[in-house]
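Heads up, the thing below is written out as structure tokens.
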Ligand code: ADP
């Protein structure tokens with residue numbers, strides 16, 4: 001007897017296939033719900049198949065508003081206009097320009113605002129169909145940090161040039177004023193002698209010597225005015241958070257310090273909080289001191305520990321210190337350390353510390369240097385503490 005014909009396998013297979021598919025779909029959905037990354041899956045026409053909950057939040061759309069639509073709605077120009085062409089080109093040529101490489105592009109939220117994002121694309125082939133999975137990282141914070149850093153850097157660089165100019169003008173004024181005064185005096189003497197002489201030549205000479213004396217005075221005036229202008233500066237003192245000032249300045253100064261293997265530690269007294277300061281100028285001081293410290297420690301042969309500390313110094317003062325474990329101050333310059341043009345560096349201008357002193361003294365503080373017990377140097381300066389009620393000014 002013939003055996004009973006086996007039941008057609010199709011329905012059973014279809015059933016298990018459907019179940020498997022449903023299970024896979026459920027698994028995918030649960031992944032998309034929980035994955036912390038923004039993830040979008042599209043088909044080869046660029047239509048959104050599904051997206052993660054994080055992607056919904058990031059772009060401000062709900063799933064239903066996006067699924068089935070072209071993914072270019074989530075992009076800003078030029079990718080918005082060219083995405084279809086990118087896909088077509090890839091499917092035709094298989095030339096990878098973004099898949100597996102990743103790049104920074106501009107995303108577009110539902111409200112039309114745009115943001116920088118890093119996009120990595122993976123590819124999936126099922127039977128003869130392609131799917132693409134995009135992983136998206138929002139770079140807004142990172143770029144804000146970078147652009148804020150650039151802004152800080154350019155402010156401090158500008159200020160450092162400005163202060164260097166001021167310091168040079170002031171030194172020049174001091175150095176040049178004396179010979180200029182001597183020239184003017186000699187010329188006046190000559191003028192008086194010439195007054196007693198007669199003749200046409202004496203007249204011409206008297207006129208010339210008089211003009212020369214005027215020019216010498218004029219040169220003195222120019223220098224005096226430059227000095228006054230710089231001394232007036234553009235100092236703008238406000239209530240600032242000292243820990244924030246230190247944090248910003250150290251970020252700036254420490255760029256690149258990792259290569260020098262410097263270990264940085266902070267010992268900030270919470271009571272030394274608000275100070276009265278021109279933010280950029282005090283950052284300038286800190287950057288100068290930190291850079292000097294890093295430079296001296298990168299000479300090698302000793303441990304490289306930089307410590308930034310604050311404390312309440314009594315009265316209405318707070319004290320800030322920058323300490324290093326370098327070789328210490330060269331004895332031959334120790335006495336004139338804060339004078340302009342004093343340097344031991346072949347490419348140094350020797351203006352950094354004199355600028356620091358000018359700034360700190362203009363703030364009503366003091367700056368000095370101590371030898372660090374165990375080797376190295378500690379630069380310390382004081383600033384006026386601000387009363388707590390001014391806090392709202394900085395927030
Ligand atoms: P520059 O850095 O152009 O030399 P500065 O006024 O900043 O100008 O510094 C003057 C000199 O002080 C430096 O050349 C260096 O010899 C010395 N100096 C500054 N900071 C330190 C430090 N932390 N340790 C040892 N020497 C220092």
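Per-residue answers, yes or no, for (1) farther than 30 Å from residue 36 by Cβ; (2) in contact with a helix residue (DSSP H, G or I) (Cβ under 7 Å, 6 or more places away or on another chain):
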site: 103; (1), (2): no, no
site: 112; (1), (2): no, no
site: 123; (1), (2): no, no
site: 127; (1), (2): yes, no
site: 135; (1), (2): no, no
site: 157; (1), (2): yes, no
site: 163; (1), (2): yes, yes
site: 169; (1), (2): yes, yes
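Look at residue 320 and say whether it is in contact with a strand residue (DSSP E or B) (Cβ under 7 Å, 6 or more places away or on another chain), away from the ligand (no atom under 13 Å from the Cβ) and at pLDDT 95 or above.
Spelling it out, residue 320 is indeed in contact with a strand residue (DSSP E or B) (Cβ under 7 Å, 6 or more places away or on another chain), away from the ligand (no atom under 13 Å from the Cβ) and at pLDDT 95 or above.
If we keep just the residues of the range 382-395 that are closer than 12 Å to residue 276 by Cα and modelled with pLDDT under 85, which is nearest to the ligand (Cβ to nearest atom)?
394
Of the numbered conditions (1) touching a residue at least 40 places away in the same chain (Cβ under 8 Å); (2) over 30 Å from residue 350 (Cα atoms); (3) over 23 Å from the mean Cα position of the chain (by Cα); (4) surrounded by 13 or more Cβ atoms within 10 Å (Cβ to Cβ), residue 63 fails exactly one; give the number of that condition.
So residue 63 meets the others, but not (1).
Looking only at the range 258-296, how many residues end up being surrounded by fewer than 19 Cβ atoms within 10 Å (Cβ to Cβ), away from the ligand (no atom under 11 Å from the Cβ) and in a helix (DSSP H, G or I)?
Qualifying residue count, the range 258-296: 3.
Within the range 32-53, which residues are surrounded by fewer than 19 Cβ atoms within 10 Å (Cβ to Cβ) and part of a strand (DSSP E or B)?
Selection gives 43, 47, 49.
Identify, from the list 245, 254, the residue that is at pLDDT below 80 and either out of contact with any strand residue (DSSP E or B) (no Cβ under 6 Å at 6 or more places or on another chain) or surrounded by fewer than 14 Cβ atoms within 10 Å (Cβ to Cβ) (or both).
None of the others qualify; the one that does is 254.
Just to verify a result, which residue in the range 334-348, among those that are more than 6 Å from the ligand (Cβ to nearest atom) and surrounded by 12 or more Cβ atoms within 10 Å (Cβ to Cβ), is nearest to residue 373 (Cα to Cα)?
Going through the qualifying residues, I end up with 334.
As an exercise: evaluate residue 379 against (1) within 11 Å of the ligand (Cβ to nearest atom); (2) assigned to a loop (DSSP other than H, G, I, E, B) and give the number of the one condition it does not meet.
Checking residue 379 against (1) within 11 Å of the ligand (Cβ to nearest atom); (2) assigned to a loop (DSSP other than H, G, I, E, B), the one that fails is (2).
So residue 300 passes all but one of these: (1) part of a loop (DSSP other than H, G, I, E, B); (2) crowded, with 18+ Cβ neighbours inside 10 Å. Which condition number does it fail?
For residue 300, the exception is condition (2).
Please tell me if residue 20 is over 47 Å from the mean Cα position of the chain (by Cα), surrounded by fewer than 16 Cβ atoms within 10 Å (Cβ to Cβ) and either modelled with pLDDT of 80 or more or part of a loop (DSSP other than H, G, I, E, B) (or both).
So residue 20 fails the test.
Conditions: (1) under 26 Å from residue 164 (Cβ atoms); (2) in contact with a helix residue (DSSP H, G or I) (Cβ under 7 Å, 6 or more places away or on another chain); (3) at pLDDT below 95. Residue 335 meets all but one. Number of the miss?
The failed condition is (2).
Does residue 313 qualify as being surrounded by 15 or more Cβ atoms within 10 Å (Cβ to Cβ), on the phi < 0 side of the Ramachandran plot, more than 13 Å from the ligand (Cβ to nearest atom) and modelled with pLDDT under 95?
So residue 313 fits the description; yes.
I'd like the full set of residues that are under 18 Å from residue 45 (Cα atoms) and in a loop (DSSP other than H, G, I, E, B), limited to the range 86-138.
Result: 94, 95, 96, 97, 98, 127, 128.
Mind checking which residues of the range 349-373 are more than 10 Å from the ligand (Cβ to nearest atom) and under 29 Å from the mean Cα position of the chain (by Cα)?
Matches in the range 349-373: 358, 359, 360, 361, 362, 363, 364, 365, 366, 367, 368.
The values are calculated or read from the model by the stated rules, or taken from the named source; none is laboratory data. Because the structure is a prediction, the values reported are computed rather than measured. Here the Cβ is made from the backbone with ideal geometry for all residues, glycine too, and neighbour counts use every protein chain on show.
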